[in-house]
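The next block holds one structure in the form of structure tokens; read it before the comments.
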Amino acid sequence: MIYTVTLNPALDKTVEIPSFTVDSVNRIVKMRTDPGGKGINVSKVIDKLGGKSIATGVLGGSTGTAIQSALEEMKLESSFLFAEGETRTNLKVVDPERHTNTDINEPGLTVTDELLNSLLKELLEKLGEEDIVVLSGSLPKGAPKDTYYTWVKACRDAGARVILDADGELLAEGLKASPYLIKPNNHELSGLLGQTLETPKELEHAAKTLMSQYGIEKIVVSMGGEGALYVTGEKTIYAEGLKVPVGSTVGAGDSVVAALAVAEERGLTLEETVRLSTATGAANVMCSGTQAAEYDVIQGLIPKVVFSSL
Ligand SMILES: Nc1ncnc2c1ncn2[C@@H]1O[C@H](COP(=O)(O)OP(=O)(O)OP(=O)(O)O)[C@@H](O)[C@H]1O
Ligand SMILES: [Mg+2]
């Protein structure tokens, strides 16, 4: 089973306001709400890929209940713990006339050590050798900076393969517990090493350094429209980005993480993994917002993926 962990979920509320103006009354012409947060987005894409996952994490208040019901409606299995307070709602104002995107994010709830410990304990009780745990995204207020260290280590000790997708200090801390796979983008990897990494060779060298320093098995460095680099102990593959019409690049990385988790679970070869995840990333870029692409679109892109060994 694949478990996705979203410790800081959000209800994404996307509103369309033509000629959005500050200091004035604005009228919404279109509106939608989607359960969001990186782990939840990963679960949505796993479902489209024909896989199964259980989404876990922390929810709160009526917004939390709304997220839980939305997941149920989408037939996505979940097992969240409820905390005091209200899950954040993130408002995205899209202006089709001025071509702007404005994000207004709520601070969200505060978690306690007790709640995080109970959530981790619940997960560990279910985990076994065949399982994959995806830890991704930001942390809620109250969560210690080394939360991903604690979670990676505990899930690893329980025999699961851990995929970590986080940024900055959270990633730096999580790495120290040797996750199985990480998927930084080129900027996150550069930030981690404190140097600007641009070419595939530079990125590969940085990835190999981290792999030997921390005992990480696989690193996938995504590079937006430029594609991604897949670094394993045996070989490195560079996959070009597919040329597709861009709807929204939000969540492109999450869809790649979803494909990587499914590929691991199915035991795909590296080449098959490269094809599936590049196609999944591109198909999701073609969709608007964080809507997940349909499998037939992904399938259509799989043969078009171009890659080579580095
Ligand atoms: N403009 C694009 N055209 C085609 N494919 C894209 C484009 N942007 C992203 N992708 C695909 O999605 C993958 C992941 O994108 P990216 O590197 O932007 O992830 P990210 O920065 O982690 O995103 P996020 O964290 O916001 O989800 C890329 O490796 C590529 O395969
Ligand atoms: Mg990302």
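Where a number appears in this text, it was derived from the coordinates with a stated rule and is not lab data. Here the structure is a predicted model, which means the values were calculated and not measured. A quick note on method: Cβ atoms are made from the backbone with ideal geometry, for glycine too, and the neighbour counts reach across all protein chains shown.
A few comments on the model shown:
- The range 51-120: GluC sites (Glu not before Pro) in DSSP coil with no more than 14 other Cβ atoms inside 10 Å: Glu84, Glu97
- Electrostatic tally near Thr150: other residues with Cβ closer than 13 Å to its Cβ, Lys and Arg +1, Asp and Glu -1, net +1.
- Farthest toward the positive end of the dipole of the range 15-140, out of Pro96, Thr63, Gly85, is the Cα of Pro96, where the dipole comes from beta carbon charges about the Cα centre.
- Choice from Val25, Val274, Val133 showing the highest fluctuation, given a GNM over the chain with Cα pairs closer than 10 Å: Val25
- Extension gain, Lys52 to Lys121: 0.36 nm times the residue separation minus the Cα-Cα distance gives 22.7 nm.
- Net charge in the neighbourhood of Asn26 (other residues with Cβ under 11 Å of its Cβ; Lys, Arg +1, Asp, Glu -1) is -2.
- Computed helical MRE - 222 nm, the chain, DSSP H runs ≥ 4 contributing -39500 (n - 2.57), nearest 500: -12000 deg cm²/dmol
- Between the range 139-187 and the range 1-42, the Cα center-to-center distance that results, in Å: 25 Å
- Averaged over residues, the count of other Cβ atoms within 10 Å places the peptides 10-18, 258-266, 167-175 in the sequence 258-266, 10-18, 167-175, highest first.
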